[in-house]
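A short write-up of the structure that comes next.
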Amino acid sequence: MMQADSFLLISAYLGAALSTGLASISAGIGEGYAAGEAAKALAKQPKSGDGLLRTMLISQAVTETGAIFGLVISLLLIFGGAGHIAGSWFKVGALLAAGLSMGLGSIGPGFGAGYTGGQACSVISRLPKESNRVTTNMLIGQALAQTDAIFALVVSLLLLYSVPNPTASTTLGHFVVKISAFLGASIAIGIGTMGPGMGIGFVTGRASNMLGRFPRERGAISRTMFLGAAVSESTAIYALVIAFLLIFFS
Amino acid sequence: MDLNQAIVKAAALLGAGIAMGIGALGPGLGEGFTAGKACEGIARTPENAGLITRTMLIGQAVSESTGIYSLVVALLLIFTA
């Protein structure tokens with residue numbers, strides 16, 4: 001059988017590239033959307049400058065989270081992922097899967113959080129006196145959208161640090177099964193959080209926008225926002241369950 | 001483990017991941033869109049809040065069904081294949 005050691009590094013570096021590369025796609029686009037909406041709003045209402053700038057920066061900081069998770073996993077893969085465990089084919093699959101999971105898993109939340117930030121900036125310029133309430137709602141909404149990136153981070157860390165060591169009776173067949181299971185888990189959680197991440201972002205973005213326009217209905221709006229976001233989250237939780245099953249019971 | 005059996009098992013597990021992953025995309029997006037529009041509707045016509053929430057939940061339940069199909073298929077692939 002081929003030596004796993006040399007493949008470990010290949011897998012770690014490939015995983016590192018996928019993790020940050022994919023995770024940055026939507027953070028960039030989302031933050032750009034927020035900045036664009038803020039610029040548009042400023043052109044209409046130059047007086048709302050300070051509050052608008054603050055909300056834009058806060059929203060971009062939260063949108064960035066997913067990309068930072070991707071960066072953390074990349075650094076772990078480059079500097080520590082392959083180093084401290086002797087070569088095993090389990091680890092070869094797990095390192096690639098960890099990078100893929102984090103990279104794909106950040107895409108949806110990034111779009112969602114960016115959309116929410118943009119919607120909040122756009123409504124603040126119309127009604128600057130609702131600025132605080134809208135910003136609070138925006139932060140809650142972005143946090144809801146980012147939970148999906150946290151699911152992906154959990155799966156990535158499990159793949160990095162809880163891989164079994166091969167025993168004397170481990171055959172090539174076991175390796176093939178386990179590597180596929182790890183890749184399957186990363187695809188499940190990575191793509192599975194894309195839809196919920198974007199969906200929750202849409203709910204919270206529209207809710208922030210409406211909260212600014214119709215402040216009197218804020219109770220009903222937040223209630224519907226939480227209910228809708230929770231239902232939208234359900235499929236991400238199914239994906240998390242399947243990923244756990246694939247990692248631990250295969 | 002026999003290599004032939006292992007390859008079948010491996011394909012089933014990878015398939016479970018793909019099924020659940022892509023299967024969760026649509027419902028997540030669709031339910032989010034529904035709820036976003038419901039928030040808009042409730043803000044504009046708060047007197048219809050009950051009706052709008054009910055319609056939103058029914059629509060989301062229908063949209064969820066394909067997510068549940070994916071979950072069932074993924075579980076079947078993990079435990080029976």
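The values are calculated or read from the model by the stated rules, or taken from the named source; none is laboratory data. Predicted model, so just to flag it, every value in this text is computed and none were measured. Reconstructed Cβ throughout: ideal geometry from the backbone, glycine too, with neighbour counts over all protein chains shown. Note: areas computed on protein heavy atoms with side chains; ligands, DNA, RNA excluded. Shrake-Rupley method; radii C 1.70, N 1.55, O 1.52, S 1.80 Å.
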> Within the range A:1-120, which helices (runs of 4 or more DSSP H) (wholly inside it) include 3 or more residues that are open to solvent by 40 Å² or more (accessible area, probe 1.4 Å) and closer than 19 Å to A:I189 by Cα?
Replying inline: A:4-44, A:49-76
>> If I filter the range B:22-47 down to residues being out of contact with any Lys or Arg (no Cβ under 9 Å at 6 or more places or on another chain) and of a type in the set (D, E), which single residue comes out as least open to solvent (accessible area, probe 1.4 Å)?
In response: B:E31
>> It is to be established whether one or more residues within the range A:227-240 are at the interface with another protein chain (Cβ under 7 Å from one of its Cβ atoms), open to solvent by 40 Å² or more (accessible area, probe 1.4 Å) and hydroxyl-bearing (S, T, Y).
In response: yes
>> Can you tell me which of (1) touching a Lys or Arg at 6+ places or on another chain (Cβ under 7 Å); (2) surrounded by fewer than 24 Cβ atoms within 10 Å (Cβ to Cβ) is the one A:T135 doesn't meet?
In response: (1)
> Which ones in the range A:167-196 are open to solvent by 10 Å² or more (accessible area, probe 1.4 Å) and more than 7 Å from every other protein chain (Cβ to nearest Cβ)?
Replying inline: A:T167, A:A168, A:S169, A:T170, A:F175, A:K178, A:I179
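To keep it simple, each residue is scored yes or no on (1) more than 13 Å from A:S232 (Cα to Cα); (2) of a type in the set (V, I, T).
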| residue | (1), (2) |
| --- | --- |
| B:M1 | yes, no |
| B:N4 | yes, no |
| B:A10 | yes, no |
| B:M20 | yes, no |
| B:G30 | no, no |
| B:A35 | no, no |
| B:Y69 | yes, no |
| B:V72 | yes, yes |
| B:T80 | yes, yes |
> Can you tell me how many residues in the range B:1-45 are touching a residue at least 24 places away in the same chain (Cβ under 8 Å) and not in a helix (DSSP H, G or I)?
Replying inline: 0
> What about A:I150, is it of a type in the set (A, V, I, L, M), closer than 28 Å to B:L75 by Cβ, at the interface with chain B (Cβ under 8 Å from one of its Cβ atoms) and open to solvent by 10 Å² or more (accessible area, probe 1.4 Å)?
Replying inline: no
>> Report every pair of residues separated by at least 6 positions or lying on different chains whose Cβ atoms are under 8 Å apart, first residue within the range A:28-50 and more than 17 Å from A:T63 (Cα to Cα) and touching a residue at least 60 places away in the same chain (Cβ under 8 Å), second assigned to a helix (DSSP H, G or I) and β-branched (V, I, T).
In response: A:A41/A:I124; A:S48/A:I124
> B:A19 versus (1) within 7 Å of chain A (Cβ to nearest Cβ); (2) buried (at least 21 other Cβ atoms within 10 Å of the Cβ): which is the lone unmet condition?
Replying inline: (1)
> Can you find even one residue in the range B:39-55 that is more than 7 Å from chain A (Cβ to nearest Cβ) and under 18 Å from the mean Cα position of the chain (by Cα)?
Replying inline: no
